[in-house]
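> This is the structure I want to talk about, given as structure tokens.
Read-outs throughout are calculated quantities, based only on the coordinates presented, and are distinct from any laboratory measurement. None of these values were measured; they are calculated from a predicted model. For neighbour counting, all protein chains shown are included, and Cβ atoms are generated from backbone atoms with ideal geometry for every residue, glycine included.
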Amino acid sequence: MYAFEYQNPSTAAAAIGSAKGDARFLAGGQSLVQAMKLRLSQTGTLVDLSGIAELKGISVAGSNVIIGAMTRHSEVARSAEVKQAIPALADLAGGIGDQMVRNQGTLGGSIANADPAACYPAAILGLGATIKASVGQKERAITGDSFFTGLFETTLAPGELITSVEFPVPDCAAYVKFKQPASRFALVGVFVAKFGSTVRVAVTGAKSSVFRATDIEAALSKSFTPEAAAAVKVSANGMNGDMHGSAEYRAAMVSVMAGRAVARALG
Amino acid sequence: MTVSVTLTVNGKAASASVDPRMLLVHLLRDQLQLTGTHVGCDTAQCGACTIHLNGRAVKACSMLAVQANGANVTTIEGLTGKGDKMHPMQEAFRDCHGLQCGFCTPGMVMSACQLLADNPKPTEAEIRAGLEGNICRCTGYHNIVKAVQQAAAQA
Ligand SMILES: Cc1cc2nc3c(=O)[nH]c(=O)nc-3n(C[C@H](O)[C@H](O)[C@H](O)COP(=O)(O)OP(=O)(O)OC[C@H]3O[C@@H](n4cnc5c(N)ncnc54)[C@H](O)[C@@H]3O)c2cc1C
Ligand code: FES
Ligand code: FES
């Protein structure tokens, strides 16, 4: 690991103030510490967010669940409020990696990292969440649909801090992932959510970035059944192909996982 | 740059001046001489380095020592009671032959303790899923699962 200066501010404002030049935020470190150990990532200043109380916690306001960026996966998985309002989200968090990863990894770190096979991005798109972020004195709300821009890429500006995420509560939802058994990331993961007559379907693991499967959304808006989802033939265009599965295989798995997610959402 | 860290390790106060790059597992093993915590993969895959940080299992190879500043850390050495009496989970691993070479065992035991703390009466499937982050090259897991079942039955 290359050397760096370490800072551990106690407020979000101080963290944003420290994030100058090539400074990086440190959340749970489950991705970043690994990357730094392998010298895939280096930084002059590491700004540890773990002492900032205002970035932690879960609350329910109206028809939204608001989760602080520094909330650990295991806290979301065990939260009575999340389990009650959006059980699919608690379930998703409880299926990330293993219990040690879940005890350290955070919501903010997961979405900022934008791993193409990560689970949370599917919930951001699937639920149409809103990401709250700040840089300098500016605070903004980023729509889930515009947040992820490519492979490990987001719309965040350098030094911009995610503070929280607002997840709208759906009528019903479910996330099903077909795990890559060694890494436990999604080979293909599908998040399905129903809001009245609108259905959102988000897919992770299959392309360079999470995306919405609009054909499956259209089919499910007409008939919210596992069969309707599974019957949609998804194009292999732009799908990832690797030693774990070809592009055609992933395309086929999208419909299969979507069908299973609908079945689970219907309980 | 060095940073001073103060933490509680196995009930005792400890402090050290560390390079911010130092991993927690190296602070424990090299500076505090607590070599029960092993390094298997060094890439967050195997769980041999599992310790408890403020009561929650984490991989000590995947965090910086500075991230544990002010924390309460328990390592495998801290599980044994007075007079070196083994923890019931350690006893169960011995009784059920839940180890062969023993390399994975400290991490396995720390993970298993967290598993039972969260879910005191797990099913066999829940034990297998709960220990997903810990890899054992020797036992085939069967006797590890039995050990956790025995510890759960006795608790
Ligand atoms: C063995 C293993 C298995 C895993 N399995 C899965 C899995 O199945 N599914 C899954 O989704 N993930 C999985 N992960 C990834 C895990 O969820 C990580 O926790 C997550 O990707 C990164 O979160 P973190 O809090 O550790 O962030 P860090 O590693 O600390 O940071 C990651 C990146 O985000 C930036 N960042 C962090 N917080 C903020 C913020 N608030 N604002 C702006 N930028 C920020 C950092 O600067 C860094 O660039 C796995 C990881 C491991 C090690
Ligand atoms: S040494 Fe830490 S997970 Fe393998
Ligand atoms: S007993 Fe040898 S690795 Fe588990």
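> With Rg and the Kirkwood Rh both taken from Cα atoms, where does Rg over Rh land for the stretch A:176-243?
Rg/Rh: 0.99.
> May I ask you to work out the translational diffusion coefficient for the stretch A:5-48 at 25 °C, viscosity 0.890 mPa s, via Stokes-Einstein with Rh from the Kirkwood sum over Cα pairs, reported in whole µm²/s?
Approximately 231 µm²/s, per Stokes-Einstein.
> Whole angstrom only: what separates the Cα centroid of the stretch B:126-141 from the Cα centroid of the stretch A:29-44?
Taking the Cα centre of each part, the stretch B:126-141 and the stretch A:29-44 sit 27 Å apart.
> A:Lys37: which lysines have alpha carbons under 26 Å from its alpha carbon, excluding same-chain residues fewer than 8 sequence positions away?
Counting by Cα, and skipping residues close in sequence, A:Lys37 has these lysines nearby: A:Lys20, A:Lys179, B:Lys59.
> Can you give me the pair-distance distribution of chain A, C-alpha pairs, 5 Å bins, whole percents?
Whole-percent P(r) values from 0 Å outward: 1, 6, 13, 18, 19, 17, 12, 7, 4, 2, 0, 0.
> Mind pulling the per residue volume of the convex hull built on the Cα atoms of the stretch B:5-155? Å³ is fine.
102 Å³
> Tell me, what HN-Hα J-couplings in whole Hz come from the Karplus equation 6.51 cos²θ - 1.76 cosθ + 1.60 at θ = phi - 60° for each residue of the stretch B:63-68, using x for Gly and Pro?
Coupling constants for the stretch B:63-68: 9, 7, 4, 5, 5, 9 Hz.
> Pull up the cross-link candidates among the aspartates and glutamates for B:Lys146, meaning alpha carbon to alpha carbon under 13 Å and not fewer than 8 places away within one chain.
Candidates past the 8-residue exclusion: B:Glu91, B:Asp95, B:Glu124, B:Glu126.
> What list of ³J(HN,Hα) values in whole Hz, one per residue of the stretch A:197-203 in order, does the Karplus curve 6.51 cos²θ - 1.76 cosθ + 1.60 (θ = phi - 60°) give from phi, with Gly and Pro shown as x?
Karplus values, whole Hz, x for Gly and Pro: 8, 9, 10, 10, 10, 10, 10.
> Next question. Kindly work out what percent of the DSSP beta bridges joining two residues of the protein assembly as shown are antiparallel, to the nearest 5. Before the final figure, lay out the partial values.
Numbers: 55 of 63 bridges.
The antiparallel proportion sits near 85 percent.
> While we're on this one: Give me a comma-separated list of calculated 3J(HN,Hα) values for the stretch B:137-142, in order, Karplus coefficients 6.51, -1.76, 1.60 applied at θ = phi - 60°, integers in Hz, x for any Gly or Pro.
Per residue, the Karplus-derived 3J(HN,Hα) values read 8, 10, 7, x, 6, 4 Hz.
> Radius of gyration and Dmax for the stretch A:114-173's Cα atoms, expressed in Å?
11.9, 38
> Something else: Inverting the mean 1/r over all pairs of different Cα atoms, compute the Kirkwood radius of the stretch B:82-154 and quote it in Å.
Result for the stretch B:82-154 stands at 12.0 Å.
> Determine the distance separating the Cα centre of the stretch A:59-133 from the Cα centre of the stretch B:77-93; give it in Å without decimals.
Cα centroid to Cα centroid, the span is 36 Å.
> Another question, if that's okay. Relative to the Cα centre, what is the charge dipole magnitude of chain A, using +1 at the beta carbon of each Lys and Arg, -1 at the beta carbon of each Asp and Glu, and rounding to the nearest 20 debye?
Rounded to the nearest 20 debye, it is 340 debye.
> Within straight cross-link reach of A:Lys194, meaning Cα distance under 22 Å, which lysines are found once same-chain residues fewer than 8 apart are removed?
Qualifying lysines at Cα under 22 Å: A:Lys83, A:Lys177, A:Lys222, A:Lys233.
> While we're looking at this one, here's another question. Normalised by the number of residues in chain A, what is the relative contact order in percent for Cα pairs under 8 Å and 6+ residues apart?
Reported relative contact order: 15 percent.
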